[in-house]
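Trainee: Sharing a structure here in structure tokens format.
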Amino acid sequence: MIQLMGSGAYLVHGEHLIADDYEAQAKLKSLTGKSAIKEEASRNTIAYRILKDHNTSDDMKNLRIKFDELASHDITFVGIIQTARASGLEKFPIPYVLTNCHNSLCAVGGTINEDDHMFGLTCAKKYGGVYVPPHQAVIHQFAREMMAGGGKMILGSDSHTRYGALGTMAMGEGGPELVKQLLSKTYDIAMPEVVGVYMTGKPQPGVGPQDIALAIIGAVFENGYVKNKVMEFMGPGVANLSADYRIGVDVMTTETTCLSSIWKTDDKIREYYEIHGRTAEYKELNPGEISYYDGMITVELDKVKPMIAMPFHPSNTYTIEELNANLTDILEDVEKKAQVSLDGKVSFHLKDKVQSGRLYVDQGIIAGCAGGGFENICDAADILRGHSTGSDAFTLSVYPASTPIYMELAKNGTLAALLETGAVVKTAFCGPCFGAGDTPANNAFSIRHSTRNFPNREGSKIQNGQISSVALMDARSIAATAANKGYLTPATEFAGEYTHPVYHFDKNIYANRVFDSKGKADPSVEIQFGPNIKDWPEMSSLPENLILKVVSEIHDPVTTTDELIPSGETSSFRSNPLGLAEFTLSRKDPAYVGRAKEVKVAQEALCDGNDPVEELPELKTVMDVISKSCPDVKMENMGIGSTIFAVKPGDGSAREQAASCQKVLGGWANIANEYATKRYRSNLINWGMLPFLVSPGSLPFKNGDYLFIPEIYKAVRDKADVIVAYKVSDKLTPFEMKLGDLTDNEREIILKGCLINYYRG
């Protein structure tokens, strides 16, 4: 079904795979009449060519990328524009689309959400952007319909910025990377490795794009096979997938921890652009005659079965058939693993969902950038036709990904068919993906065609004693389950016909409602601020020497950005740095905020020229110990801050607030064995936080300890390979840390204290 090559591989004529082993050159010569140089063949990937076209430097090993377009939603665009304004923004230099698909419910926080929307509209007018009002489209569907183009690159402040199926290499990053683009700077990154995804065969009826995606995620996440790499999809099986189907697979590549994705394109993608009135944006993309890939995933589409990703991660995958055959064992294992994620704070049960030997689920949702596509919803409606969702606890909600899709569902009768079954059809909204809206009952089990199933992604709150959970599935199997009143059912059991109605895109919907400046800025426009929209607080440059207090210690195998700064109702405070910071680690370590604030007060006293010991008396003992060994270290050349330790932080969302909230609470560093994603590490750096690494094994400090890092400014400036730090007790106990690879710009950002300071000069 899914195989991972243990080596790199050559692709010949887009069809023949040759493993990079001792026979490779002979096989290449047999097929092409010539051998190949690996380095030259690696330049024939689609990914390499697109990156080369967007690289502004002469060095293809160290890229300096300028993107064609930018996209943000209403959880991120306020902070991004505020940061850019503080750094000298005058106009948007490239098209920048501001969508409103996260803070759309306006259910909490008074005027907060709509204030953010009006901020976005007035900024689009003032700086020359595009504003998509609430309920019109989720960010990624609008980008597919109106922004994507063959050979383009798009940067978005949402981790699921993936338009590879349409020939666009897109990346999701934290807001500061978009700020750099808004200030006409570059996205600096080492040339990523490219991993091929070679597809053969044709999916079975009832097997949808989420099934293919989950099968791939299950095979590559834990071993890091594609981490921070580009996934390039090709092979004869691609031709057997519609554009919508490819999009559904592609959007989930984020959950593999890859950097980006790109697909070969063909007439089905050309047709997609034609349907949307954008034929000129199509570009045929294919690998070269001989292309080299740093790894290769083979996917036999015809062998993939309906899948389910059990709580609490998209990589926790099983076939539905396997789960149904081993319910007790698998559910018990999921319950045990869950206690690691939940820290035993709540009682979590799944085995009690088994009724008469079958697993009963409480809720189904088909939504957002992954599930809300036209074909997903139409196929689900075909499965449900003639059935009902029943009048018991089970509910089904469907969120089309854009108003044009909603309109076509209304015109072709699909909407009426769904409503007749008892399903509820709602407007375009990302809420079910991050825990806002459709929160099920305590201990309920929800199946969703959405992007993630981390703890609390369905909206429950562990700190309030609540827990429910999400399993990821394809829309088709969700519909089959709904037709069985909530009993878990794979869509391959559906014996009926799929109607496959033709999609017609109505461009007038956007023409009548979306504000498009056409790139023309109007400096006379006054930005509309709400009382919750706050500027970033002042941030200090990196001091000569640093004292850090460890204020949280997390030993989970992976820590998600949801755990660092929760999603859900907290999103209403995304435009208020200090207000949002109050929620930092609230579901993982509720004492963190108080501990961090105690240290921050000492640093503020130091900045004001006062004695920090008066604010934090325990510092006196710390300084006495340091002074014995380092008499030149004084309060005048010292900084005081907090840090957290986590084994592998940063999986999941691109949200910059996972780092910035720690910063505004006085954080100066993270310490980790490794970072789960490039984007989280970049967020730390852009907020002036040191991304320290310590070797796995026995930790040389614990929560509550003070750490002393002498000459840290000099170490960053001079590119020291090893940072010698000290645990402070009754003496200084040395241990080693590293910062990993940093570009010159990244070092300067850290030295200045944050990206805002860096651009202010």
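The values are calculated or read from the model by the stated rules, or taken from the named source; none is laboratory data. Here the structure is a predicted model, which means the values were calculated and not measured. Here Cβ is always computed from backbone atoms with ideal geometry, including for glycine, and neighbour counts include all displayed protein chains.
Trainee: How do the pairs read when you match residues in the range 467-483 that are of a type in the set (S, T, Y) with residues anywhere that are in a helix (DSSP H, G or I) and crowded, with 24+ Cβ neighbours inside 10 Å, using Cβ under 7 Å and keeping only pairs 6 or more apart or on different chains?
Mentor: Sorted first by the residue in the range 467-483, then by its partner, the pairs are S477/I320; S477/A491.
Trainee: State whether the residues of the range 604-624 include one that is under 30 Å from G224 (Cα atoms) and more than 21 Å from the chain's Cα centre (by Cα). Before you say what the answer is, go through the steps one by one.
Mentor: Step one: of the range 604-624, the residues under 30 Å from G224 (Cα atoms) are none.
No: the range 604-624 contains no residue that is under 30 Å from G224 (Cα atoms) and more than 21 Å from the chain's Cα centre (by Cα).
Trainee: Of K738, K648, K731, which residue is surrounded by fewer than 21 Cβ atoms within 10 Å (Cβ to Cβ), over 25 Å from H160 (Cα atoms) and out of contact with any helix residue (DSSP H, G or I) (no Cβ under 9 Å at 6 or more places or on another chain)? Even if it seems obvious, please write down each step before you answer.
Mentor: Details: K648 fails: over 25 Å from H160 (Cα atoms); K731 fails: out of contact with any helix residue (DSSP H, G or I) (no Cβ under 9 Å at 6 or more places or on another chain).
That would be K738, the only listed residue that is surrounded by fewer than 21 Cβ atoms within 10 Å (Cβ to Cβ), over 25 Å from H160 (Cα atoms) and out of contact with any helix residue (DSSP H, G or I) (no Cβ under 9 Å at 6 or more places or on another chain).
Trainee: Also: Hey, any hits in the range 693-701 for a residue that's in a strand (DSSP E or B), in the same structural domain as T643 (by TED's automatic domain parsing) and in contact with a strand residue (DSSP E or B) (Cβ under 7 Å, 6 or more places away or on another chain)?
Mentor: Yes, there is a match, as at least one residue in the range 693-701 is in a strand (DSSP E or B), in the same structural domain as T643 (by TED's automatic domain parsing) and in contact with a strand residue (DSSP E or B) (Cβ under 7 Å, 6 or more places away or on another chain).
Trainee: Name the pairs: first residue in the range 196-220 and touching a residue at least 12 places away in the same chain (Cβ under 8 Å), second residue among the aromatic types (F, W, Y), Cβ to Cβ under 6 Å, at least 6 apart or on different chains?
Mentor: Hits for this filter: G196/Y293; V197/F233; G206/F494; P209/Y245.
Trainee: Among P557, P531, which is the only one that is at pLDDT below 95, surrounded by fewer than 17 Cβ atoms within 10 Å (Cβ to Cβ), assigned to a loop (DSSP other than H, G, I, E, B) and within 27 Å of the chain's Cα centre (by Cα)? Give the derivation first.
Mentor: Details: P531 fails: within 27 Å of the chain's Cα centre (by Cα).
On inspection, the qualifying residue turns out to be P557.
Trainee: Somewhere in the range 679-690, is a residue surrounded by fewer than 23 Cβ atoms within 10 Å (Cβ to Cβ), touching a residue at least 40 places away in the same chain (Cβ under 8 Å) and not polar (S, T, N, Q)?
Mentor: At the first step, the residues of the range 679-690 found to be surrounded by fewer than 23 Cβ atoms within 10 Å (Cβ to Cβ) are none.
No: the range 679-690 contains no residue that is surrounded by fewer than 23 Cβ atoms within 10 Å (Cβ to Cβ), touching a residue at least 40 places away in the same chain (Cβ under 8 Å) and not polar (S, T, N, Q).
Trainee: In the set K29, K52, which member is surrounded by fewer than 15 Cβ atoms within 10 Å (Cβ to Cβ), closer than 26 Å to G295 by Cα and modelled with pLDDT of 95 or more?
Mentor: The unique qualifying residue is K52.
Trainee: Which fully enclosed strands (runs of 3 or more DSSP E) of the range 1-75 have 1 or more residues being touching a residue at least 24 places away in the same chain (Cβ under 8 Å) and within 25 Å of the chain's Cα centre (by Cα)?
Mentor: Correct list: 2-4, 62-65, 69-72.
Trainee: Considering T265, T298, T328, T279, which residue is at pLDDT 95 or above, hydroxyl-bearing (S, T, Y) and over 30 Å from D21 (Cα atoms)?
Mentor: Residue meeting the stated conditions: T279.
Trainee: What helices (runs of 4 or more DSSP H) completely inside the range 369-458 contain at least 1 residues that are within 18 Å of the chain's Cα centre (by Cα)?
Mentor: Here the list reads 431-434.
Trainee: Is at least one residue of the range 326-333 under 24 Å from the mean Cα position of the chain (by Cα) and of a type in the set (A, V, I, L, M, F, W, C)? Let's see the steps before the verdict.
Mentor: Keep residues of the range 326-333 that are under 24 Å from the mean Cα position of the chain (by Cα), which gives none.
No: zero hits.
Trainee: So, A84, is that one within 21 Å of V130 (Cβ to Cβ), assigned to a helix (DSSP H, G or I) and either touching a Lys or Arg at 6+ places or on another chain (Cβ under 6 Å) or outside the structural domain of W687 (by TED's automatic domain parsing) (or both) or not? Don't jump to the end; show me each part of the working.
Mentor: Numbers: within 21 Å of V130 (Cβ to Cβ): yes; assigned to a helix (DSSP H, G or I): yes; either touching a Lys or Arg at 6+ places or on another chain (Cβ under 6 Å) or outside the structural domain of W687 (by TED's automatic domain parsing) (or both): yes.
So A84 fits the description; yes.
Trainee: For N637, are the conditions met, namely being outside the structural domain of T83 (by TED's automatic domain parsing), surrounded by fewer than 22 Cβ atoms within 10 Å (Cβ to Cβ) and either out of contact with any Ser or Thr (no Cβ under 6 Å at 6 or more places or on another chain) or farther than 25 Å from C433 by Cα (or both)?
Mentor: Yes: the conditions hold for N637.
Trainee: Something else now. For the range 316-342, give me each residue that is surrounded by fewer than 18 Cβ atoms within 10 Å (Cβ to Cβ) and part of a loop (DSSP other than H, G, I, E, B).
Mentor: N326
Trainee: Which ranges mark the helices (runs of 4 or more DSSP H) fully within the range 564-682 that have 1 or more residues being among the acidic types (D, E) and in contact with a strand residue (DSSP E or B) (Cβ under 9 Å, 6 or more places away or on another chain)?
Mentor: 592-607
Trainee: Another question about this same structure. Just one of Y282, Y245, Y293 is hydroxyl-bearing (S, T, Y), closer than 30 Å to S35 by Cβ and not assigned by TED's automatic domain parsing to the domain that holds T492; which is it?
Mentor: Going through Y282, Y245, Y293 in turn, the sole match is Y293.
Trainee: Look through A725, A720 and report the one residue that is farther than 18 Å from T643 by Cα, free of Cβ contacts under 8 Å to residues at least 40 places away in the same chain and within 33 Å of the chain's Cα centre (by Cα).
Mentor: Every option except A720 fails the conditions.
Trainee: In the range 294-310, which residues are touching a Leu at 6+ places or on another chain (Cβ under 8 Å) and outside any strand (DSSP E or B)?
Mentor: Those that are touching a Leu at 6+ places or on another chain (Cβ under 8 Å) and outside any strand (DSSP E or B): L301, M310.
Trainee: Further question on the same structure: Give the residues of the range 196-238 that are out of contact with any strand residue (DSSP E or B) (no Cβ under 9 Å at 6 or more places or on another chain), more than 22 Å from M171 (Cβ to Cβ) and of a type outside the set (D, E, K, R), sorted by residue number.
Mentor: P203, Q204, P205, G206
Trainee: Restricting to the range 9-26, what's the tally of residues that are surrounded by 15 or more Cβ atoms within 10 Å (Cβ to Cβ) and among the acidic types (D, E)?
Mentor: Matching residues across the range 9-26 total 1.
Trainee: Hey, another quick one. Checking the structure you have, find out if any residue of the range 107-126 is surrounded by fewer than 24 Cβ atoms within 10 Å (Cβ to Cβ) and of a type in the set (D, E).
Mentor: yes
Trainee: Being in contact with a helix residue (DSSP H, G or I) (Cβ under 6 Å, 6 or more places away or on another chain) and farther than 30 Å from N324 by Cβ is the filter here; which residues of the range 288-305 pass it?
Mentor: If the condition is that a residue be in contact with a helix residue (DSSP H, G or I) (Cβ under 6 Å, 6 or more places away or on another chain) and farther than 30 Å from N324 by Cβ, then G288, I290, S291, Y292 are the ones that fit.
Trainee: Quick check on the range 67-92: of everything there that is out of contact with any helix residue (DSSP H, G or I) (no Cβ under 7 Å at 6 or more places or on another chain) and at pLDDT 95 or above, which residue is surrounded by the fewest Cβ atoms within 10 Å (Cβ to Cβ)?
Mentor: Among those that are out of contact with any helix residue (DSSP H, G or I) (no Cβ under 7 Å at 6 or more places or on another chain) and at pLDDT 95 or above, it is D68.
Trainee: Looking for whichever is in contact with a Ser or Thr (Cβ under 8 Å, 6 or more places away or on another chain) and either β-branched (V, I, T) or outside the structural domain of E145 (by TED's automatic domain parsing) (or both) here; the options are A475, A491. Which one fits?
Mentor: Values: A475 fails: in contact with a Ser or Thr (Cβ under 8 Å, 6 or more places away or on another chain).
Going through A475, A491 in turn, the sole match is A491.
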